[in-house]
C-alpha cells in the first residue's frame with residue numbers, strides 16, 4: 001500500500017460509540033475503524049454485552065457488523081433486546097448483523113477471507129471475535145506448545161489487523177483470562193499476553209461486581225470507570 005493511500009484511509013476513519021458514555025471516554029471516543037481493541041475479563045464480566053451493544057450502534061447507523069463466533073454462544077435475540085431497550089428498530093439492526101461460526105483456528109482464519117469475499121460481511125464496519133484465543137489454546141495446549149501457539153496467534157492477528165486497516169473496520173477482540181499470583185495477590189491476565197498487545201491499539205479490562213462492571217485501560221495504567229449491567233447492556 002502506498003503512503004498516499006494510507007494517508008487517505010487514515011483521514012476517513014470512523015468512530016462508533018460503545019453505547020456507554022463512560023466507556024467511550026475511556027476509549028477516547030469509542031471504537032475506531034482501522035484499529036483492534038482487546039477487551040478481556042473473566043466469564044460474565046460483560047465482554048459480549050459490550051460487543052453486542054456496539055453492534056447495535058453500528059447497525060442503527062446504517063452499517064453492518066460481523067461476529068466471528070468461536071464459542072457457539074452468539075445470541076441474536078440479545079442484540080434485538082438491547083436495540084429495543086434503546087428505542088431502536090431491532091429488525092433493522094439484526095439485518096445488519098452477520099455471524100460466522102469458527103470452531104477451529106483454520107475456520108477462524110478463513111473467516112477473514114470470507115469477510116473479504118461475501119457481499120454482506122465484506123462491507124462490515126465492525127468485526128467482533130468472541131473469543132480470540134479459545135481455539136488456539138485448545139489446539140496448542142500446555143507450556144510445551146506455547147511457542148507454536150503464540151506464533152500462530154500472531155500470524156492470525158497480523159492478518160486481522162491488515163484486514164481492519166485496509167477495509168476500514170473496527171475490531172473488538174474479546175479475550176479470556178488466566179489467574180495468576182503476583183507478590184502474594186491474585187490477578188487476572190489476558191491469554192496471549194504480549195503477542196496480542198503487539199497488534200491491539202487499545203486494551204480494555206472488565207471486571208464485574210454484582211450489577212456493576214468496572215472498566216480500565218491497562219495499556220494506559222489509568223483509573224477505573226464504573227458502568228451498570230442492565231437490559232440495555234452496559235450503561
Exercise for the section: Could you check, for the stretch 132-139, whether at least one of its residues is surrounded by fewer than 18 Cβ atoms within 10 Å (Cβ to Cβ) and touching a strand residue (DSSP E or B) at 6+ places or on another chain (Cβ under 7 Å)? Expected result: no
Handout entry: Among residues of the stretch 161-206, those that are at pLDDT below 90 and within 18 Å of residue 135 (Cβ to Cβ), counted
Key = 1
Practice task
Answer yes or no as to whether residue 134 is in contact (Cβ under 8 Å) with a residue 24 or more places away in the chain and closer than 28 Å to residue 192 by Cβ.
Solution key: yes
Problem - Single residue of the stretch 212-223 satisfying the filter (at pLDDT 95 or above and in contact with a strand residue (DSSP E or B) (Cβ under 6 Å, 6 or more places away or on another chain)) that is farthest from residue 25 (Cα to Cα) - result: 212
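The values are calculated or read from the model by the stated rules, or taken from the named source; none is laboratory data. The model shown is predicted, which means the values in this text are computed figures rather than measured ones. Glycine gets a Cβ as well: all are built from the backbone with ideal geometry, and neighbour counts include every protein chain shown.
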